[in-house]
Amino acid sequence: KPQEEVLYNFNILCDVKRKPNKLSINIKGEGYAVHPVIQLEQTDEQLKSSPTKNSKGGAAASTTYLTLHPTPTTNIADFGAVQILDTISKTITVVNNGKFNFDYLWNIEALSPFLTLSGGKMGGTLLKGDEL
């Protein structure tokens, strides 16, 4: 189990029955980690109270995103005041900053009954450098 994102090279000597010499096997591999960045769209009012804010895009972009952190961190999404029978929509963006593709699957069973995910694929593969 690799602990770092580096190239590995191992030589292993094996005893093979009925062979006079040991067999040498060269094993090469690369340790890697998945580097997703998950961001939640924020409005101007929510940014005033948010401690971690990022601006996405160039100077003309007015949309700002809150970067969500993996478990065990608890992320708080402020939907503001919502009236009964009203709905509020937020955009979640996932970016693959790693060197390899990765698979994803949204766990909708763990969501509160008051929240729903819609508008995108519930699972699939995110290619390196791509955004969902």
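Okay, here's what the table says:
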{"read-out": "The stretch 4-24: number of residues that are over 30 Å from LYS128 (Cβ atoms) and either part of a strand (DSSP E or B) or of a type in the set (D, E, K, R) (or both)", "value": "11"}
{"read-out": "Count of residues meeting criterion [at pLDDT below 50, among the basic types (Lys, Arg) and either assigned to a strand (DSSP E or B) or exposed (fewer than 10 other Cβ atoms within 10 Å of the Cβ) (or both)] in the stretch 25-70", "value": "1"}
{"read-out": "Residue in the stretch 71-85 that is surrounded by fewer than 10 Cβ atoms within 10 Å (Cβ to Cβ), within 20 Å of HIS35 (Cα to Cα) and modelled with pLDDT under 80 present", "value": "yes"}
{"read-out": "Filter result for SER118 (among the polar types (S, T, N, Q), at pLDDT below 85 and farther than 23 Å from THR74 by Cβ)", "value": "yes"}
{"read-out": "Exclusive hit being without any contact (Cβ under 8 Å) to a residue 12 or more places away in the chain and surrounded by 10 or more Cβ atoms within 10 Å (Cβ to Cβ), set LEU132, LEU127, LEU111", "value": "LEU111"}
{"read-out": "Residues (farther than 30 Å from VAL95 by Cβ and either at pLDDT below 80 or among the aromatic types (Phe, Trp, Tyr) (or both)) located in the stretch 1-24", "value": "PHE10"}
{"read-out": "Cross-chain or 6+ apart pairs with Cβ under 9 Å, the stretch 10-35 first and among the polar types (S, T, N, Q), then open to solvent by less than 100 Å² (accessible area, probe 1.4 Å) and outside any loop (DSSP other than H, G, I, E, B)", "value": "ASN11/SER24; ASN11/ILE25; ASN11/ASN26; ASN11/ILE27; SER24/ILE12; SER24/CYS14; ASN26/ASN9; ASN26/ILE12"}
{"read-out": "Boolean, THR64 is within 12 Å of GLU41 (Cα to Cα) and of a type in the set (Ser, Thr, Tyr)", "value": "yes"}
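The values are calculated or read from the model by the stated rules, or taken from the named source; none is laboratory data. The structure displayed is predicted, hence computed values, not measured ones. Because the Cβ atoms are built from the backbone with ideal geometry, glycine has one as well, and the counts that use them run over all protein chains shown. To get the accessible areas, we keep the full protein, side chains included, count just its heavy atoms, and leave off ligands, DNA and RNA. Shrake-Rupley method; radii C 1.70, N 1.55, O 1.52, S 1.80 Å.
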